Amino acid sequence: VTGNLCLTFLFYPVTRGSSILPMIGLTSEKSIKYHIWLGNISMALFTVHGFLYLVYWTITSRLSQTLKWYDHYVSNIAGEISLLCGLAMWVTTYPTIRRNMFELFLYTHYLYVFFIVFFIWHVGIGFACIMLPGFYLFVIDRYLRFLQSRQRVRLVSARVLPCETIQLNFSKTRGLDYNPTSTIFVNIPAISKLQWHPFTITSNNNIEPEILSVIIKCEGIWTKNLHQLVISPSVDRLQVSVEGPYGPTSTNFLRHDMVVMISGGSGITPFISIIKELIFVSSTLKSKTPKIALISVFKNSSHLSILDLILPNSTSINNNNHPDNFDLQIEAYVTRERGQPKEKISSTRNVFFKPNASDLPIYPTLGPNSWLWLGAIISSSFVIFLLLLGIFTQYVVYPVDKKGKVGYSYTKKASMNMFLVCFSIVVAASGAFLWNKKKNIADEDSKQIQDNTEEYSTAKISDDVELESLPIRSVIKSVNVQYGQRPDLKKRSVGVLVSGPKTMRRDVAAICSAELADNLHYESISFTW
């Protein structure tokens with residue numbers, strides 16, 4: 001029973017488009033630890049449960065019970081299969097295995113389908129209904145993500161930095177809104193049809209209303225293959241699918257008079273989106289923004305080119321709405337060099353793609369009123385399920401229960417309930433998705449698509465010149481580069497946002513929690529690169 005209670009809440013944290021997590025101030029990324037805790041507790045309880053039954057059957061010489069599939073009682077073999085699937089997932093979550101063999105961990109986790117199906121066959125649909133709410137929302141979210149992932153999106157251009165870092169620029173509709181530090185999951189079939197990688201969005205929804213950008217550091221096998229594809233002269237189009245964006249429903253960056261952002265390596269990515277948001281607030285809304293001190297730590301000088309990505313790709317910030325009161329100071333620390341390198345660092349390279357007319361801009365899966373659509377999907381699919389279940393019970397289950405003493409098969413009843421749940425969700429979610437997709441396609445004219453692509457490409461060709469001429473450059477009050485040393489964090493006595501390695505976050509957290517630093521407000525920012 002306790003293990004089943006854990007399953008009741010197990011799927012809430014991994015429902016990325018959840019309507020419940022934002023109500024309690026959580027995102028899927030921040031609540032994943034609760035999924036881990038619940039998974040460990042439930043698997044520990046299920047393992048003890050199965051082990052004790054094996055011991056009992058061994059002592060009583062009834063090991064044959066392990067192969068019994070009772071059609072009108074608890075099915076033992078179904079429970080054993082479910083437990084084996086659960087153990088396979090549990091073992092691969094061990095930190096060493098998950099870090100060194102992530103693909104094994106990822107693909108093994110798809111056994112959750114068999115785990116749930118055989119678990120329901122084991123305990124019966126009546127007892128399993130306790131976990132229905134959480135699993136029902138998860139199935140809806142998973143199916144909507146599947147529908148979104150089938151669509152090819154329009155990749156317009158890329159910027160290749162000298163530090164083997166790539167900025168991918170996607171086209172998006174103006175109706176797609178997201179907050180700073182949001183993430184999207186990217187799939188490129190030319191590299192792998194199964195792998196989805198999360199990346200932090202660095203563009204700003206307000207300054208760059210038709211562009212969505214992510215920064216990718218080329219360190220792993222997948223990202224290095226992407227780098228080779230982007231720089232290849234024979235590649236003029238990449239097929240890309242995305243899921244998301246996902247992120248916080250609100251941000252509180254304006255609550256401090258001054259904010260220090262400390263990043264280590266790739267940890268700078270969420271801060272780029274935050275800084276762009278503050279630039280928009282200061283320039284367009286004319287609101288007071290906190291002073292920003294960005295402290296970035298890099299391995300070598302080539303990584304300093306990442307700082308250029310702080311500037312928006314849009315010229316919407318002009319002299320008429322220039323952020324005069326925005327104060328941004330940057331301190332960059334290059335730890336593996338003693339001074340400025342004598343060799344000239346290669347310049348940033350722009351790559352432009354030719355998307356097909358069938359490639360659509362990234363748009364909200366359920367339109368601008370996504371929460372209303374999600375509520376409609378949940379309610380309508382459940383109504384469909386109840387109606388179909390009522391018909392099935394009235395005309396199939398009830399006659400059998402009325403005639404015989406044994407009653408209708410538990411396995412068939414559970415199977416039919418699972419099928420009706422999936423069928424109802426597919427009907428309701430597909431209808432909502434196709435309706436919104438049709439509306440977005442109607443707004444996109446093929447000629448306009450081509451014109452927009454050409455306009456954007458023309459604008460980006462002179463990207464270096466335009467960025468130099470942007471008045472927004474003056475918001476960076478100073479850029480101080482230090483070589484061969486690390487920042488002395490103990491000298492800071494203001495609000496701090498931290499994004500980087502665990503050791504850095506621990507050091508900053510220790511400073512913020514010290515007795516002499518009671519005015520510091522510590523917050524750790526998650527990022528994907």
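If the chain between Gln482 and Lys224 were fully stretched, how many nm would it gain, using 0.36 nm times the residue separation less the Cα-Cα distance? Walk me through the numbers on the way to the answer.
Values: separation 258, 0.36 × 258 = 92.88 nm, distance 2.92 nm.
Between Gln482 and Lys224, full extension yields an extra 90.0 nm.
Extending each Cα 7 Å along its Cβ direction at Asp308 and Leu106, get the distance between those two points in nm, one decimal.
3.1 nm
Give the carbon-plus-sulfur fraction of the accessible surface of region 388-439 in %, rounded to a whole number; probe 1.4 Å, heavy atoms of protein chains only.
On the way: 2260 of 3290 Å².
Carbon and sulfur atoms account for 69 percent of the accessible area of region 388-439.
For Ile378, what accessible area in Å² do you get when you roll a 1.4 Å probe over the heavy atoms of the protein chains, rounding to the nearest 10?
Using a 1.4 Å probe on the heavy atoms, I get roughly 40 Å².
Which percentage, to the nearest 5, of the DSSP beta bridges contained in region 192-317 is antiparallel?
Numbers: 1 of 8 bridges.
Within region 192-317, antiparallel bridges account for around 10 percent of the total.
Give, as ranges by residue number, the residues of region 209-248 whose backbone N falls under 19 Å from the point 7 Å along Cα→Cβ of Glu164.
So the set is 215-233.
Net charge near Gly39, counting Lys/Arg +1 and Asp/Glu -1 over other residues with Cβ under 13 Å of its Cβ? Working shown, then result.
Values: positive: Lys33, Arg98; negative: none.
Once positives and negatives cancel, what remains is +2.
Probe of 1.4 angstrom, ligands and nucleic acids ignored: what's the accessible area per residue over region 167-227, in square angstrom? Write down the numbers at each step before the final one.
Values: 1930 Å² over 61 residues.
That works out to 32 Å² for each residue.
On the protein heavy atoms, probe 1.4 angstrom, tell me the percent of accessible surface of region 183-316 carried by carbon and sulfur.
Answer for region 183-316 is 51 percent, counting heavy atoms of protein chains only.
Which pairs, out of Lys68/Lys405; Lys30/Lys172; Lys172/Lys288; Lys291/Lys439, put more than 31 Å between their alpha-carbon atoms? Mind showing how you got there, number by number?
Values: Lys68/Lys405 21 Å; Lys30/Lys172 26 Å; Lys172/Lys288 29 Å; Lys291/Lys439 42 Å.
Flagged as over cut-off: Lys291/Lys439.
Scan around Val156 for amide H atoms under 5 Å from its own, H built in the peptide plane at 1.01 Å from N, and keep only partners 5 or more places away or cross-chain.
Here Asn169, Phe170, Ser171 satisfy the definition.
What ³J(HN,Hα) values, in whole Hz, does the Karplus curve 6.51 cos²θ - 1.76 cosθ + 1.60 give for region 261-270 when θ = phi - 60°, with x put for Gly and Pro?
10, 10, 10, x, x, 6, x, 6, 4, x
Would you please give the FRET efficiency between Phe9 and Glu343, computed as 1/(1 + (r/R0)^6) with r the Cβ-Cβ distance and R0 = 56 Å, to the nearest 0.05? Walk me through the numbers on the way to the answer.
On the way: r = 56 Å, r/R0 = 1.00.
Efficiency for this residue pair is about 0.50.
Which whole-number value in Å² is the accessible area per residue of region 55-149, probe 1.4 Å? Working shown, then result.
On the way: 5170 Å² over 95 residues.
Spelled out: the 1.4 Å probe surface of region 55-149, per residue, equals 54 Å².
Averaging over all projection directions, find the projected area of the Cα convex hull of region 60-178 and quote it in nm² with one decimal place. Let's see the in-between values first.
On the way: hull surface 52.2 nm².
Seen from a random direction, the Cα hull of region 60-178 projects 13.0 nm² on average.
What is the gain in length, in nm to one decimal, between Lys291 and Arg174 on full extension, counting 0.36 nm per residue of separation less the C-alpha to C-alpha distance?
Working: separation 117, 0.36 × 117 = 42.12 nm, distance 2.94 nm.
Between Lys291 and Arg174, full extension yields 39.2 nm more.
The values are calculated or read from the model by the stated rules, or taken from the named source; none is laboratory data. It should be emphasised that the depicted structure is a prediction, and the values quoted were computed from it without experimental measurement. Glycine also receives a Cβ, built like all others from the backbone with ideal geometry; neighbour counts cover every protein chain displayed. In case anyone asks, the SASA skips ligands and DNA or RNA and just uses the protein heavy atoms, side chains included. Shrake-Rupley method; radii C 1.70, N 1.55, O 1.52, S 1.80 Å.
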